[in-house]
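The values are calculated or read from the model by the stated rules, or taken from the named source; none is laboratory data. Source: prediction; values computed, not measured. Here the Cβ positions follow ideal geometry from the backbone for every residue, glycine too, while neighbour counts run over all protein chains shown. Ligands, DNA and RNA are excluded from the accessible area calculation, which covers all protein heavy atoms including side chains. Shrake-Rupley method; radii C 1.70, N 1.55, O 1.52, S 1.80 Å.
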Amino acid sequence: MKTKTVYKCNECGYESLKWMGRCSECGEWNSFEEISSFTDEKRKKDHRNINKASKAAKLIDIEAGKSQRLLTGIQEFDRVMGGGIVKDSVTILTSPPGGGKSTLTLTIAEKAAIQGKKVLYATGEESDSQIKNRADRILEQIHENIWIVADTSLNSVLDAIDEIDPDLIIADSIQTFFLEEFLPARAGNPTQTMECANTLVQCAKAKDRQRAVILIGQMNKNDEMAGLRSLEHLVDTVLVMEGNHEEELRSIIATKNRFGSTGEMGFFTMTERGLISIDNPSEYFITKREKNELVSGSALTVIREGSRPVIAEIESLVSNSFAPYPSRICEAMKKDQMNTLISILEQRGKIGLYDKNVVIKTTGGIKLKEQAVNLAVIMCIASSVYNKPIPWDYAFIADVGLTGELKKVPSMESRVKELDRMGFSKVFIPKDAMRNVKLYNIKVIEYKNLIQVIGDCFGKK
């Protein structure tokens with residue numbers, strides 16, 4: 001009976017039957033570790049079991065089951081998930097340290113427990129007393145349907161699953177667990193992480209007892225999920241939580257979702273009582289002012305986060321520069337994009353900014369990733385230069401070309417409808433940029449170029 005030893009690269013996952021000083025696949029040095037020693041007999045036995053469990057069937061004979069969902073009641077989370085947690089799904093949630101992963105999952109556990117679901121919270125990072133302290137702080141009342149197991153051995157977690165029979169399993173975090181069958185490979189090793197995740201996937205999708213599983217994943221220094229890329233392919237949904245731990249605003253993005261739309265985003269605020277869902281972001285990301293309380297240097301636009309339009313406020317400050325090179329400061333968008341828009345405003349809008357400092361920010365710290373915000377950015381700078389405020393119920397939705405022409409952007413109708421819902425009176429868009437839709441409050445102003453918009457708002461030609 002022959003024993004075979006396998007070595008695996010920690011960086012790319014390449015496997016070799018012998019140890020290598022330098023990986024021939026990714027070029028990394030000293031990255032190979034011995035991951036397992038299996039006998040031929042055991043390999044054949046495992047192969048027989050897999051074949052026995054899975055039988056081929058005609059696709060036409062397969063019954064299409066309707067995925068049942070667990071609504072957590074956290075509106076932003078349920079929307080990002082596509083309408084709640086699917087009962088036999090595996091979701092992985094990742095964020096930088098201190099982002100709020102554990103806080104969110106503990107809140108989800110409470111919401112599920114209130115609905116009569118059994119929840120097992122398995123933690124390999126913290127002790128059970130640390131979880132209890134957090135629960136006392138953020139939960140209104142700790143429900144009796146929540147169980148805690150604090151152990152880095154996934155074998156102990158599987159024993160707890162057999163004993164409790166939970167409907168929802170939370171593993172915090174997947175990189176801290178190990179299976180005893182794959183020792184001496186340590187926890188966090190790519191092999192241990194993948195095998196632990198694969199075991200929980202099989203647990204979630206077992207035909208005789210389906211469960212929902214939420215895995216918490218760690219991030220590396222490059223703000224990417226730690227471990228092999230295969231981990232993202234293994235699960236059904238990948239959620240990335242963004243936000244500086246020093247700020248209140250947090251956002252969750254679905255970078256992969258087999259049961260909903262990819263790219264959906266939900267917004268939360270971090271408080272002493274945990275994460276609070278921002279159910280109406282259009283109100284959160286604009287400054288509430290009275291009709292007669294107008295300020296210069298502010299313009300509104302509509303961005304899209306996933307399938308949802310969100311009204312965003314862009315502010316600018318333009319001041320005289322006494323240095324050879326004026327400052328250009330913006331944390332909400334790429335600096336190259338900002339410099340391009342300033343050049344367009346100088347050349348096509350006839351506003352000199354060569355000796356001016358320009359600072360741009362957004363209310364609430366929301367990021368400007370779309371070209372649809374370009375007209376609003378230019379208009380807020382022009383408002384600051386002229387020291388003339390733009391009416392609080394005006395908005396701007398357009399890309400601006402290097403020629404000064406206004407360009408169409410996707411989903412114009414849904415953006416304008418959101419402005420109409422919020423009671424805006426005017427929106428400036430490119431010529432022939434939207435179809436005829438029923439509007440109740442707002443007037444759509446269509447222009448071909450930038451100078452026309454500036455002339456309409458500030459009386460400049």
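Summary of computed values
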| quantity | calculated |
| --- | --- |
| Breaking point among (1) over 26 Å from Asp393 (Cα atoms); (2) open to solvent by less than 50 Å² (accessible area, probe 1.4 Å), for Thr271 | (2) |
| Residue in the range 175-184 that is among the aliphatic types (A, V, I, L, M) and buried (at least 20 other Cβ atoms within 10 Å of the Cβ) present | no |
| Entirely in the range 101-176, the helices (runs of 4 or more DSSP H) that have 3 or more residues that are within 27 Å of the chain's Cα centre (by Cα) | 101-114, 128-138 |
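Conditions (1) open to solvent by 30 Å² or more (accessible area, probe 1.4 Å); (2) at pLDDT below 90, marked per residue:
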residue: Ala212; (1), (2): no, no
residue: Leu228; (1), (2): no, yes
residue: Met241; (1), (2): no, no
residue: Lys291; (1), (2): yes, yes
